[in-house]
1. Fewest first, what order do Phe163, Phe6 take by the number of other Cβ atoms within 10 Å?
2. With θ taken as phi - 60° and the coefficients 6.51, -1.76 and 1.60, list the Karplus ³J(HN,Hα) couplings across region 199-206 in order, rounded to whole Hz; mark glycine and proline as x.
3. Kindly rank 125-137, 97-109, 52-64 from highest to lowest mean number of other beta carbons found within 10 Å of each residue.
4. Considering region 130-170, what Rg and Dmax in Å follow from its alpha-carbon atoms?
5. Whole angstrom only: what separates the Cα centroid of region 1-50 from the Cα centroid of region 58-133?
6. Between Glu178 and Tyr153, with labels modelled 7 Å along Cα→Cβ, what's the label distance in nm to one decimal, could you check?
7. From the phi angles alone, apply the Karplus equation (6.51, -1.76, 1.60; θ = phi - 60°) to region 33-44 and give each ³J(HN,Hα) in whole Hz, x where the residue is Gly or Pro.
8. Arg58 to Thr19: extension gain in nm, 0.36 nm per residue of separation minus the Cα-Cα distance?
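No value in this document is a laboratory result; all are computed from the given coordinates. Note that the structure is predicted; figures quoted are calculated from it, not measured. Here Cβ is always computed from backbone atoms with ideal geometry, including for glycine, and neighbour counts include all displayed protein chains.
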Amino acid sequence: MSRGVFITLEGGDGSGKTTQAELLQDWLASEGRTILRTREPGGTDVGVEVREIVLHHRGDITPRAEALLYAADRAHHIATVVRPALERGDVVIQDRYIDSSVAYQGAGRVLDPDAVRALSEWATEGLQPDLTILLDLDATAARGRLDEARTRYDRLEAEAAEFHDRVRAAYLELAAAEPERFLVVDAALPVDEIADAIRSRVSQLL
Ligand code: TYD
């Protein structure tokens with residue numbers, strides 16, 4: 001059975017994932033590949049509803065409940081959207097995946113990172129990305145970009161700088177533990193340079 005390629009983008013809020021996902025999609029399309037571009041949370045109709053809760057619910061959501069909500073979104077998304085695309089042989093470009101939960105719910109909300117990962121691995125029946133692109137940016141620079149771009153912050157973006165510092169450190173640890181899966185790019189570089197670095201790594205996969 002032919003199998004596609006599963007690429008995930010990770011990084012803090014404001015690290016430029018969306019821009020790079022678009023550039024990667026355009027380049028792969030020009031190479032004649034069929035692409036599915038998707039995201040978590042919110043890559044399905046059920047997921048859109050979960051996304052609204054986790055990002056915009058007014059009032060408290062306990063850390064474990066938050067972790068379960070992201071895992072529920074992920075379970076449905078992987079089973080109904082991502083696995084079918086990979087089975088068709090598509091290249092899947094996905095904004096955020098399990099590493100987001102390990103970094104945000106693990107280091108950010110301070111849950112046991114191994115437990116958070118295990119929950120998502122159960123949810124997805126163990127689907128791993130072929131490549132994860134980490135756009136690394138310090139929290140102050142990321143916040144500056146967000147402040148320019150918008151007026152309303154979601155529940156996670158509204159967290160203190162110290163929360164975002166922990167998330168960043170957790171991402172870098174994840175990347176150091178699995179260097180063969182991760183490409184870490186300095187998100188402060190010019191957009192074109194980042195895109196070039198991503199293309200050269202992705203072309204090795206195809
Ligand atoms: P996203 O829509 O990617 O926001 P942005 O464009 O700002 O990166 O993600 C929404 C938020 O959800 C983001 O702050 C990170 C958070 N998140 C988690 O905390 N855990 C998760 O498992 C995922 C997928 C996202």
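1. Starting with the residue having the fewest Cβ neighbours, the order is Phe163, Phe6.
2. Karplus values, whole Hz, x for Gly and Pro: 4, 5, 6, 5, 5, 5, 7, 8.
3. With the highest mean Cβ count within 10 Å placed first, the list reads 97-109, 125-137, 52-64.
4. My reading of the Cα-based Rg and Dmax gives 11.4, 35 Å.
5. 14 Å
6. 3.0 nm
7. These are the phi-based 3J(HN,Hα) values: 8, 8, 10, 10, 9, 8, 8, 10, x, x, x, 9 Hz.
8. Between Arg58 and Thr19, full extension yields 11.1 nm more.
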